[in-house]
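Colleague: Mind having a look at this structure? Questions to follow.
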Amino acid sequence: MKIGVLTDSSSYLTKEQCEKYGIDVLPIPIIWDNKEYLDLIDIGFHEFYEKLSTSSTLPTTSQPSTGTVKKYVDKYIDEGYTDLIIITLSSGISSFYNNVLSVADEESRINIHPFDCKITCAGEANAAILAGRLVKAGADIDLIMHDLKDLRNTTDVRFMVANLNHLKRTGRLSNAASFDEEREAEWVSDYESSFPKVKIYQSIIGPVVGVHVGQHTMAMIWGRDLDSYFDENGKPIKDIKSKVVED
């Protein structure tokens with residue numbers, strides 16, 4: 001069994017994280033002034049927000065087509081993979097997950113395992129990193145998918161936006177975001193002092209999610225500690241069952 005992990009660009013994984021955990025990233029398209037930009041490839045984090053602050057028009061997002069997904073699937077098949085986990089941003093935000101389901105239903109050369117993480121940004125990144133770590137630790141596909149669902153059960157988000165217009169315009173009032181701007185330092189410092197035993201990491205909100213939430217948005221995304229899915233020797237622990245986080 002050879003297992004691959006593919007996610008989309010709204011996870012905002014760093015290049016170093018992708019290389020360390022063996023994760024591929026499929027970019028999400030952004031449409032702006034009738035031109036298509038691939039997230040973090042054709043338009044970067046700073047470039048996007050500079051353009052957003054001065055542009056008289058606002059961008060929209062699309063989703064990777066089934067044809068694009070199939071090209072990635074073909075690459076995994078050519079490299080001898082038997083299974084492919086595809087972790088997508090929330091199906092409540094994008095139809096990308098449904099496109100992946102469609103490809104999975106049609107594909108017989110490789111076993112495709114779609115996973116709707118039901119969040120985006122750092123929450124989605126955590127799911128991809130957990131999958132990559134489990135693959136490297138030798139876990140089988142059943143254990144990996146079980147642990148991904150368990151992590152999803154413990155994951156939730158609270159966020160604060162500076163302007164509701166972006167969310168109203170795109171209908172994403174339930175959308176998630178990531179840390180941004182100077183308020184981040186105060187927020188992180190407060191949580192570190194209040195919860196000294198909790199691991200706190202910082203990430204970005206990139207162009208795809210920024211289309212919907214706008215500038216100066218911050219969020220706190222939390223979930224089970226990824227290290228707790230492994231024993232002291234780095235081996236995957238079986239039969240973990242976390243309590244479901246309830247709003």
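Colleague: With a point put 7 Å past each Cα toward its Cβ, work out how far Ile200 is from Leu58 in nm, to one decimal.
Modeller: 3.1 nm
Colleague: With only Lys, Arg, Asp and Glu charged, each at its Cβ (+1 for the first two, -1 for the last two), find how big the charge dipole of region 36-82 is about the Cα centre; round to the nearest 20 debye.
Modeller: Dipole size: approximately 140 debye.
Colleague: Would you indicate which of [x] 34, 21, 15; [y] 29, 24, 15; [z] 38, 20, 15 is the value of semi-axes √(5λ) of the Cα gyration tensor in Å derived from the coordinates of this structure?
Modeller: The value computed from this structure is option [y].
Colleague: What accessible area per residue, rounded to a whole number of Å², is obtained for the chain using a probe radius of 1.4 Å?
Modeller: That works out to 51 Å² per residue.
Colleague: Compactness ratio of region 80-146: Cα Rg over 2.2 N^0.38 Å, N = residue count?
Modeller: 1.11
Colleague: Next up: Among DSSP bridges having both ends in the chain, what percentage is antiparallel? Round to the nearest 5.
Modeller: Values: 12 of 28 bridges.
Looking only at bridges with both residues in the chain, the antiparallel portion is about 45 percent.
Colleague: Step through the table entries Lys199/Lys238; Lys2/Lys71; Lys2/Lys243; Lys15/Lys235; Lys118/Lys235, compare each Cα-Cα distance with 20 Å, and write down the pairs that go over it.
Modeller: Over 20 Å Cα-Cα: Lys199/Lys238; Lys2/Lys243; Lys15/Lys235; Lys118/Lys235.
Colleague: Rank-order 10-22, 113-125, 52-64, 141-153 by packing density, defined as the average count of other C-beta atoms within 10 Å over each peptide's residues, highest first.
Modeller: Values: 10-22: 17.2, 113-125: 24.4, 52-64: 14.2, 141-153: 19.2.
The densest-packed peptide leads the list: 113-125, 141-153, 10-22, 52-64.
Colleague: Let me ask another. At a Förster radius of 30 Å, what calculated FRET efficiency corresponds to the Cβ-Cβ distance of His46 and Lys149, to the nearest 0.05?
Modeller: Details: r = 36 Å, r/R0 = 1.19.
E between His46 and Lys149, to the nearest 0.05, is 0.25.
Colleague: Would you work out the relative contact order for region 57-111, in percent, from Cα pairs under 8 angstrom that are 6 or more residues apart?
Modeller: 43 percent
Colleague: Considering only protein heavy atoms and a 1.4 Å probe, what is the carbon-and-sulfur percentage of the accessible area of region 37-130? Each step should come with its number before you reach the end.
Modeller: Numbers: 1870 of 4150 Å².
Of the solvent-accessible surface of region 37-130, carbon and sulfur hold 45 percent.
The values are calculated or read from the model by the stated rules, or taken from the named source; none is laboratory data. Computed from a predicted model, the values in this text were never measured in an experiment. Neighbour counts are summed over all protein chains in view; Cβ atoms, including those assigned to glycine, are modelled from backbone coordinates with ideal geometry. When the accessible area is computed, the model is the full protein with side chains, heavy atoms only, and any ligands, DNA or RNA have been set aside. Shrake-Rupley method; radii C 1.70, N 1.55, O 1.52, S 1.80 Å.
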